[in-house]
Every structure is written in C-alpha cells, then in structure tokens.
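Trainee: First the structure, which I've put down as structure tokens, then a few questions once you've had a look.
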Amino acid sequence: MAVGIFSWFLISLAVVGAHAATLTLQSPRFTISASDASQLRSEPLSLAQKPSTALSLGPSDVLKLTFQVVDKEGGKGVQPHQTFLRFYDEVTGEEGIQPVKVTPGGKAKFELNMARPPTSLPPTTTNPLKVSLYLGSFVHSPVQYELFDLVVPPSQPPAQHTEEASFHLRPEIHHTFRPEQKLPPKIISAFFAALLAAPWVVLLGLWSHIRPQVPHLFSPAILPFVATLAAFEALLVWYWVALRLGQVLLYASILAIPTALAGKRALTAVGDRRLGKSSK
Amino acid sequence: MAPTKTASQAKPRTASSQQSPVLTLWNAYNETTSTRLKTIDAFLVFLMLSGIIQFLYCILVTNFPFNAFLAGFSSCVGQFVLAASLRSQVNPANKNEFKEVSPERAFADFALGSIVLHFFVYNFLG
C-alpha cells in the first residue's frame, strides 16, 4: 500500500516537474558512533557510487546522516516538499519509509539509534538494507539517490498476517467420530433383565398379602371403562411396534370419546356407591 | 409423606408400648391404613425398585440405548409421581385439603395422566 502511494506520488512529481531544475545534495556525510559517543566510522558519501563496504551497525550504535539539499544550478539551499529515506531488504522484500526533516535552508540531519530503532525500520535479517533518498518538490524534478547499504542486527521475524493462512492450501480435515457404542455382554444384560423381575415379585407378593377387593370390576358400568383404558394401552403398544405419530393421534382422538363416556359412567357409578355407603 | 401422617395419628394408641419406633411406625401403618392405600403403596414400592434397578444398570453397566433408559426410568418416575398424587388425593386423612376433588375425579386424572405419560414413554422407546 505504502509503496503504491509512494510510487504514484513520484510519478505525479515526475509529470509536474519534467522540465524543472534538478536538486542535488551537498556534502552528504554519515557518521557511525558507539553508544559511548566514540566515533567508529565517518565518511563523506558519493552520490555516484555507494561506499565499497556496507555500513554496519551494532545493537547500540548510532548512525548520523547529514546533507544539504541544493539547487544544481544556483547552489542555493532548497527545502523540498517531500524528503524520504527508504530502507529496503531485497531478499525478503520488506521495506520501511522514514520522512526526514529539512530546514528552510535545505539542511537535513537524520539519526538512527539502534538502541531505539524507529518503527519505520523494517524487520531485518542479516541481509543488508538498501538505503535510498527520495526528494520531491513542486518546482524541481524529483530525484532519487542510492546512498549506501546498511547492515543492522537482525530483528524479530515479522509477525505473520492474521489472514496469511487463508492464502495457502489448508491441511485436509479428517473427521474423527466417536466409536460405535457396544451393547454389554449378553449375560450382564440378562442378569439385569432378570433382576427387574424382582420388583414384580415384590409387587405381586405385597398385593397378594394385601388382597385388594375389586368386587365391581366386571360390573356392566365399570367394565367398559377398564376395557377402553386397556385399549388405550394396547394402542400405545401398537404405536411402538408399527404405527406412525399421525395415525396414533387420530386413533387416540377417536378412542378418547368412548373412553370419556365410559369413564364418566363408571366413575359416577362408583361415586354413587361410595356416597350411598357413606350415607348409610 | 402420607404414611407418616397416618402413623402420627395412631401414635397415642401405641406410644405406651416398649417397641422400637420403627416397629411402632410399621404396626401403626399396618393397622390404620386402608387396603386401597396399601395397594397404591405397594405399587409405589414396585415403581421405586424398578427405577433404582434401571438407574443402577445405567451407571454401572452402560447407558447405550440411552433412549430406552430414558423411557424406562422416566416411566417409573412419572408413574410414581402420578400414583403418589393419586394416593394423597384419595387419602381420607387429606379430605379437607382436596374438598373439591372427589376420589373418582382423582382416579380420572390419574388415568388421563398415565395415558399421556405412556404416550411420551413409547415415543422415547424407539
């Protein structure tokens, strides 16, 4: 993105100032000093060719770059409208753009302190960064100078973009399913099934002990009710075996009518008998 | 529950005896509870035992046909609840609390509730 804007900017400058006067640098110079201010290397820069050996910065060294922007014909100091330093790593393609402040007289001073590197410095490896200067002005033609190669201590690898994975083939998804559940051994199931007969034994034993009296169970008033209730249960068993939901609801709604009538008749008879008994 | 209620009514009669409280309670229950209520109580015990055995099978062995377990266990629990409410409504000792509910009405409720419960249980049975 930044590169796109930047190049567009340069092109527009080139169109505007195609035939304008050109800019140049006067007495460009760099100085590398250690953290204790002792000078390690200090050389003037040539715009025509880069220094023979790349500039090398330690983890706490400071690079100072000074130059003055002047008009090529008049030799007068000029303040360009845009001044940028570009750090570019050819191998990884990482780059960083750093604006440089220029005084109205054209003098500029840039300081790169490796103890506190600016955010514009791209993620670095052991590869040298190509450092170039871009000058843009409304009245002068744009100019670009390859200043020098710079080797800085390697930084952390650049953070991966959050959507980086979306641009590659994803690993194939293998679904794992829960294994098929197994029935327990037949003998255990059979044992528990037999164990479920125990409550029936208890129930029948208790009932035979209690001997509940149902003297009127087969009387004409009550038998239909019991029969319809049994029919309901049979219908539900049938539902379990064969029927569908809609069918069972239909049959149940039909069966409900006689059941309700028979129930009303039977329970009225029982109630009458109870009240008659209590009144006696 | 209801058995304790009937037992507490009977307490003054057996309080003088030197039996253990549990035995006193049991005797009072046997003497004062009507046959109908005893029938329902036996049914309740049956449902409780069935439910316990099914639950034990579920936690000890497997719950594999889980729908079948749900059907069996919920039928026990639901039937227990219905039978217990039937018992409390037909209990003569609770007559004042259920003035407008005659025993016949209670049984009709029980029958209707049971049919609905069994319908859902068969749905789960699969």
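Trainee: Taking chain A as a Gaussian network, Cα atoms linked when under 10 Å apart, which of A:Phe192, A:Phe225, A:Phe30 shows the biggest mean-square fluctuation?
Mentor: Residue with maximal mean-square fluctuation among A:Phe192, A:Phe225, A:Phe30: A:Phe225.
Trainee: Considering every residue in A:268-275, what mean count of other chain Cβ atoms within 10 Å of its Cβ is obtained?
Mentor: 2
Trainee: If each residue's Cβ is checked for other Cβ atoms within 10 Å, how do A:Asp272, A:Asp36, A:Asp149 rank with the fewest at the top?
Mentor: Taking fewest neighbouring Cβ atoms as first place, the list is A:Asp36, A:Asp272, A:Asp149.
Trainee: Quick check for me: using +1 on Lys/Arg Cβ and -1 on Asp/Glu Cβ, what's the dipole size of the protein assembly as shown about its Cα centre, in debye to the nearest 20?
Mentor: 2520
Trainee: For chain B, modelled as a Gaussian network with Cα springs under 10 Å, which listed residue fluctuates most, B:Gln79, B:Gln89, B:Gln54?
Mentor: Highest fluctuation of the listed residues: B:Gln54.
Trainee: Considering chain A as a Gaussian network with a 10 Å cut-off on Cα pairs, which listed residue, A:Ala256, A:Ala193, A:Ala34, attains the greatest mean-square fluctuation?
Mentor: Highest fluctuation of the listed residues: A:Ala256.
Trainee: Using the per-residue mean of other Cβ atoms lying within 10 Å as a proxy for protection, in what order, highest first, do the peptides B:110-117, B:68-75 fall?
Mentor: B:68-75, B:110-117
Trainee: Using only the alpha carbons, work out the radius of gyration and Dmax of the protein assembly as shown in angstrom.
Mentor: Over the protein assembly as shown's Cα set, Rg and Dmax evaluate to 49.1, 138 Å.
Trainee: Within 10 Å of each Cβ in peptide A:256-267, how many partner chain Cβ atoms are there on average? Round it to a whole number, please.
Mentor: 2
Trainee: Moving to a separate point now. For A:Ala197 and A:His174, what is the calculated FRET efficiency with R₀ set at 56 Å and r taken between the beta-carbons, to the nearest 0.05?
Mentor: 0.75
Trainee: Moving on to the next point. If you line up the long axis of helix B:35-60 against the longest principal axis of chain B, both from Cα atoms, how many degrees apart are they, to the nearest 10?
Mentor: Compared with the principal axis, the helix lies near 40 degrees.
Trainee: Moving on to the next point. Considering only the other residues whose Cβ falls under 9 Å of the Cβ of A:Leu206, what net charge follows from Lys and Arg at +1 and Asp and Glu at -1?
Mentor: 0
Trainee: Roughly how many Å is it from the Cα centre of segment A:119-139 to that of segment A:186-225, as a whole number?
Mentor: For segment A:119-139 versus segment A:186-225, the Cα centre distance is 95 Å.
Trainee: Take the Cα atoms of segment A:216-275, build their convex hull, and give its volume per residue in Å³.
Mentor: 69
Trainee: Counting alpha carbon pairs within less than 8 Å and at least 6 residues apart, what relative contact order, in whole percent, applies to chain B?
Mentor: Contact order relative to length: 25 percent.
Trainee: Please find the FRET efficiency linking B:Asn30 to A:Arg244, where r is the Cβ-Cβ separation and R0 is fixed at 51 Å, and quote it to the nearest 0.05.
Mentor: 0.55
Trainee: If you take each beta carbon of peptide B:84-96 and count the beta carbons of other chains within 10 angstrom, what is the mean?
Mentor: Partner Cβ neighbours, averaged per residue: 0.
Trainee: Still on this structure: Evaluate the relative contact order of chain A (contact order divided by residue number), counting alpha-carbon pairs under 8 angstrom at least 6 apart; express in whole percent.
Mentor: The normalised contact order for chain A reaches 15 percent.
Trainee: A 18 angstrom limit on the alpha carbon distance is what I want to check against. Which of A:Lys50/A:Lys101; A:Lys72/A:Lys130; A:Lys64/A:Lys130 exceed it?
Mentor: A:Lys50/A:Lys101; A:Lys72/A:Lys130
Trainee: If each of A:Thr53 and A:Phe138 carries a label point 7 Å out from its Cα toward its Cβ, how far apart are those two points in nm?
Mentor: 4.6
Trainee: So if R0 is 22 Å, what FRET efficiency would A:Lys72 and A:Ile97 give, r being the distance between their Cβ atoms, rounded to the nearest 0.05?
Mentor: 0.30
Readers should treat all values here as calculations from the given coordinates under stated rules, not as data from a laboratory. Quick caveat, the model's predicted, so the values are computed rather than measured. Virtual Cβ from ideal backbone geometry, glycine too; neighbours counted across all protein chains shown.
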